[in-house]
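Peer 1: I am attaching a structure below and will ask some questions about it afterwards.
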Amino acid sequence: MDSRISARALAAALGGWRTREPAYEALADGIRLLCLDNRLAPRTALPAERELASALHVSRSTVAAAYRSLRATEHIASLRGSGSVTLPLGRRDPGRTDAGEGMIDLQQASPPAWPGLAGIMAETAGGASALVSRVGYDVLGRIELREVVAERYTARGIPTRPDEVLVTTGAQSAIHLVSTLLIGRGDRVLVETPTYPHAADALRRAGARLVGVPVTTEDGWDLDRAEQAFARTLPVMAYLMPDFQNPTGRSMSVEEREVMLAAGERSGSVLVLDETTADLDIDRGSFAPGFTASEPGTVVRIGSLGKTVWGGLRLGWVRADGDLIRRLVAARPAHDLGTPEFEQAIATRLLSHFDDIVVQRSELLRSGRDALVRALRERLPSWDLPSAHGGVSLWIELGAPLSSALVIEARSRGVLLSAGPRFSVDGGHERHLRVPFTAPPEEMVRAADVLADAWSSVRAGAPSTIVEQVGAVI
């Protein structure tokens, strides 16, 4: 046993768990999904049956039956003296399920590789003799690559020198490194909710206490809440995605960028801007990056080639004040010893083709988005579909708190998704579902067919109090 979760905390994490009957199976499915999403870590002791029954306002026999179901599927085990404990997920049931033949995997919102990548890799391999004469990895980054990255920032209206760029092994590595350096245990960090779950995991691992600020597809960022949160909690850091935010797809307006920057500077916070989706424009058009009139050290920008080129190319960077870059370099060896030379050489070549890559990406994402929206509007007219002008996914309002149940049902039918609560900071979002549109159009249509059938099944099995929330269309 590594940790224990209280009945109150588990009840909050489960949210609107009672999505179908019998109640014990709905409860078991809710706990299974917490395990699958890694929101409930392996080797965590669950509350006693009586305690959880009291917190959920159900009978003890309901909880006992749910625990029996979880033991039968090997999600938990009963240990003498420890009660019921979650088990590590086996190969047959990993947190991120491997897609079998014929399945559509939409758990990760990552487009397929840019078609020209193989050629660039072959060209780079042709110069392997020069590469292998070097050390093989670099804690700061090749000067050739840092110069190209700096030039692209300068062209966007953000004057940048090569010594203000640190190359990392992907954006996630950059988030981990920045978080470890800036955050002390118990420090408050402001984040959007919903947000990118792996970033939230990295912040928590660094010891952060997360302070959520709502962002919605219709209204954007809650600026009043944001200003209050900055003023009252004085966060040491804020993690934000200003362009095509994951998962909502929303982009900050000029006003929202100005308010966030001013509030962050007043509170002495470092604003970490995740720009990994910033180039995934479909039909929004060019937009000033904002956050440029900041004091030195206030704004840190993180970028990568994972979404624009290929998720398998683990290459990212941090753009920050030179002093912070030097501190990151000093702290980095505790995390990793640097970024491989080969990936850096590939990235240097890729960035010379970047404008063409962005155009191809826009066309790819437009075809997937349009096919998905058409199919969902036809098959699921009760769902509230947002207007996504870029990014990689739709953040859909279902009309009822059935996201987790829908994901479980769709999984059994061959479509793999992540439920709304996976993107939550403090719980909730059970009424939302993230559906990436990164697959080919024909797969997006097939996924919509599966979701329509799964939705019909889920709402048919849901208690009447939840079904009534969907409206007369049911």
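Peer 1: Check whether at least one residue in region 292-313 is outside any helix (DSSP H, G or I), within 22 Å of MET237 (Cβ to Cβ) and among the aromatic types (Phe, Trp, Tyr), and report yes or no.
Peer 2: Among the residues of region 292-313, not one is outside any helix (DSSP H, G or I), within 22 Å of MET237 (Cβ to Cβ) and among the aromatic types (Phe, Trp, Tyr), which makes the answer no.
Peer 1: Could you look through region 267-284, keep only residues that are under 16 Å from THR308 (Cβ atoms) and not in a loop (DSSP other than H, G, I, E, B), and pick out the one that is least open to solvent (accessible area, probe 1.4 Å)? Even if it seems obvious, please write down each step before you answer.
Peer 2: Residues of region 267-284 under 16 Å from THR308 (Cβ atoms): 274-282, 284.
Add one more test, that the residue is not in a loop (DSSP other than H, G, I, E, B), and what stays is 274, 281.
Working: ASP274: 4, ASP281: 39 Å².
Across region 267-284, the extreme among qualifying residues is ASP274.
Peer 1: Please enumerate the residues belonging to region 46-83 that are surrounded by fewer than 21 Cβ atoms within 10 Å (Cβ to Cβ), outside any helix (DSSP H, G or I) and modelled with pLDDT of 90 or more.
Peer 2: Across region 46-83, the qualifying residues are ALA48, HIS57, VAL58, SER59, ALA77.
Peer 1: Still on this structure, I have one more. For residues that are of a type in the set (Asp, Glu) and open to solvent by less than 40 Å² (accessible area, probe 1.4 Å), scanning just region 158-195, find the one that is farthest from ALA347 (Cα to Cα).
Peer 2: Kept after step one, since they are of a type in the set (Asp, Glu), are these residues of region 158-195: 163-164, 187, 192.
Restricting the remaining residues to those that are open to solvent by less than 40 Å² (accessible area, probe 1.4 Å) gives 164, 192.
Working: GLU164: 18, GLU192: 30 Å.
Result: GLU192.
Peer 1: Residue check, TRP317 against (1) in a helix (DSSP H, G or I); (2) touching a helix residue (DSSP H, G or I) at 6+ places or on another chain (Cβ under 7 Å), all met but one. Which one?
Peer 2: The one condition TRP317 does not meet is (1).
Peer 1: Has region 113-133 got any residue that is closer than 27 Å to GLY390 by Cβ, polar (S, T, N, Q), surrounded by fewer than 17 Cβ atoms within 10 Å (Cβ to Cβ) and out of contact with any strand residue (DSSP E or B) (no Cβ under 7 Å at 6 or more places or on another chain)?
Peer 2: Scanning region 113-133, I find no residue that is closer than 27 Å to GLY390 by Cβ, polar (S, T, N, Q), surrounded by fewer than 17 Cβ atoms within 10 Å (Cβ to Cβ) and out of contact with any strand residue (DSSP E or B) (no Cβ under 7 Å at 6 or more places or on another chain), so the answer is no.
Peer 1: Can you find a residue in region 5-13 that is free of Cβ contacts under 8 Å to residues at least 40 places away in the same chain and surrounded by fewer than 22 Cβ atoms within 10 Å (Cβ to Cβ)?
Peer 2: Here is the first cut: in region 5-13, the ones free of Cβ contacts under 8 Å to residues at least 40 places away in the same chain are 9.
Retained after the next criterion (residues that are surrounded by fewer than 22 Cβ atoms within 10 Å (Cβ to Cβ)): 9.
Yes, that holds for at least one residue.
Matching residues to (1) open to solvent by less than 10 Å² (accessible area, probe 1.4 Å); (2) in a helix (DSSP H, G or I); (3) modelled with pLDDT of 95 or more; (4) out of contact with any helix residue (DSSP H, G or I) (no Cβ under 7 Å at 6 or more places or on another chain):
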site: LEU376; (1), (2), (3), (4): yes, yes, yes, no
site: SER382; (1), (2), (3), (4): no, no, yes, no
site: PRO386; (1), (2), (3), (4): no, no, yes, yes
site: ILE396; (1), (2), (3), (4): yes, no, yes, yes
site: PRO401; (1), (2), (3), (4): no, no, no, no
site: SER404; (1), (2), (3), (4): no, yes, no, no
site: GLU409; (1), (2), (3), (4): no, yes, no, no
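Peer 1: Continuing with the same structure: Do the conditions hold for ALA28, that is, is it in contact with a helix residue (DSSP H, G or I) (Cβ under 8 Å, 6 or more places away or on another chain), modelled with pLDDT of 90 or more and not in a helix (DSSP H, G or I)?
Peer 2: Numbers: in contact with a helix residue (DSSP H, G or I) (Cβ under 8 Å, 6 or more places away or on another chain): yes; modelled with pLDDT of 90 or more: yes; not in a helix (DSSP H, G or I): no.
It is false that ALA28 is in contact with a helix residue (DSSP H, G or I) (Cβ under 8 Å, 6 or more places away or on another chain), modelled with pLDDT of 90 or more and not in a helix (DSSP H, G or I).
Peer 1: Another question about this same structure. Tell me whether region 15-32 contains one or more residues that are in contact with a His (Cβ under 9 Å, 6 or more places away or on another chain), open to solvent by 30 Å² or more (accessible area, probe 1.4 Å) and within 19 Å of ASP426 (Cβ to Cβ).
Peer 2: Yes, that holds for at least one residue.
Conditions (1) charged (D, E, K, R); (2) touching a helix residue (DSSP H, G or I) at 6+ places or on another chain (Cβ under 6 Å); (3) open to solvent by less than 10 Å² (accessible area, probe 1.4 Å), marked per residue:
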{"position": "PRO340", "(1), (2), (3)": "no, no, no"}
{"position": "ASP356", "(1), (2), (3)": "yes, no, no"}
{"position": "ARG379", "(1), (2), (3)": "yes, yes, no"}
{"position": "SER393", "(1), (2), (3)": "no, no, yes"}
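Peer 1: Taking region 291-315, which residues are open to solvent by less than 20 Å² (accessible area, probe 1.4 Å) and in contact (Cβ under 8 Å) with a residue 40 or more places away in the chain? Working first, answer last.
Peer 2: As a first pass, look at region 291-315 and keep what is open to solvent by less than 20 Å² (accessible area, probe 1.4 Å): 291, 298-306, 308-309, 313, 315.
Residues satisfying the conditions are PHE291, VAL300, ARG301, ILE302, GLY303, SER304, LEU305, GLY306, THR308, VAL309, LEU313, LEU315.
Peer 1: Do the conditions hold for PRO88, that is, is it under 30 Å from HIS432 (Cα atoms), open to solvent by 20 Å² or more (accessible area, probe 1.4 Å) and out of contact with any Ser or Thr (no Cβ under 6 Å at 6 or more places or on another chain)? Reasoning before the result, please.
Peer 2: Details: under 30 Å from HIS432 (Cα atoms): yes; open to solvent by 20 Å² or more (accessible area, probe 1.4 Å): yes; out of contact with any Ser or Thr (no Cβ under 6 Å at 6 or more places or on another chain): yes.
Answer is yes for this residue.
Peer 1: Of the residues in region 362-373, how many are touching a residue at least 12 places away in the same chain (Cβ under 8 Å) and out of contact with any strand residue (DSSP E or B) (no Cβ under 9 Å at 6 or more places or on another chain)?
Peer 2: The first filter runs over region 362-373 and keeps only residues touching a residue at least 12 places away in the same chain (Cβ under 8 Å), leaving 362, 364-373.
Of the ones still in play, those that are also out of contact with any strand residue (DSSP E or B) (no Cβ under 9 Å at 6 or more places or on another chain) are 364, 366-367, 370-371.
So the answer is 5.
Peer 1: Report every pair of residues separated by at least 6 positions or lying on different chains whose Cβ atoms are under 9 Å apart, first residue within region 211-237 and free of Cβ contacts under 8 Å to residues at least 12 places away in the same chain and more than 19 Å from THR298 (Cα to Cα), second open to solvent by 60 Å² or more (accessible area, probe 1.4 Å) and of a type outside the set (Ser, Thr, Tyr).
Peer 2: These pairs meet every condition: ASP219/ARG250.
Peer 1: Filter region 200-226 for residues that are under 23 Å from ALA171 (Cα atoms), open to solvent by 30 Å² or more (accessible area, probe 1.4 Å) and not in a strand (DSSP E or B) and give the result.
Peer 2: Scanning region 200-226 gives ASP201, ARG204, ARG205.
Peer 1: Okay, next question. I need the full set of residues from region 335-353 which are small (Gly, Ala, Ser) and either closer than 15 Å to ALA174 by Cβ or modelled with pLDDT of 95 or more (or both), in order please.
Peer 2: Pass one, region 335-353, residues small (Gly, Ala, Ser): 338, 345, 347, 352.
Passing the criteria: GLY338, ALA345, ALA347.
Peer 1: Then there's this: Mind checking which residues of region 415-474 are open to solvent by less than 50 Å² (accessible area, probe 1.4 Å), over 24 Å from the mean Cα position of the chain (by Cα) and modelled with pLDDT under 90?
Peer 2: Result: GLY461, ALA462, PRO463, ILE466, VAL467, VAL470, GLY471.
Peer 1: Would a scan of region 425-441 turn up a residue that is in a helix (DSSP H, G or I) and not basic (Lys, Arg)? Full working, then the answer.
Peer 2: Initially, region 425-441 is screened for residues in a helix (DSSP H, G or I), giving 441.
Applying the additional criterion that residues be not basic (Lys, Arg) yields 441.
Checked against the condition, which is being in a helix (DSSP H, G or I) and not basic (Lys, Arg), region 425-441 yields at least one hit.
The values are calculated or read from the model by the stated rules, or taken from the named source; none is laboratory data. Treat the numbers as computed from the prediction; the structure is a model and nothing was measured. Cβ sites come from the backbone with ideal geometry, for glycine too, and all protein chains shown count toward neighbours. The accessibility values were calculated without ligands, DNA or RNA, using every heavy atom of the protein model including side chains. Shrake-Rupley method; radii C 1.70, N 1.55, O 1.52, S 1.80 Å.
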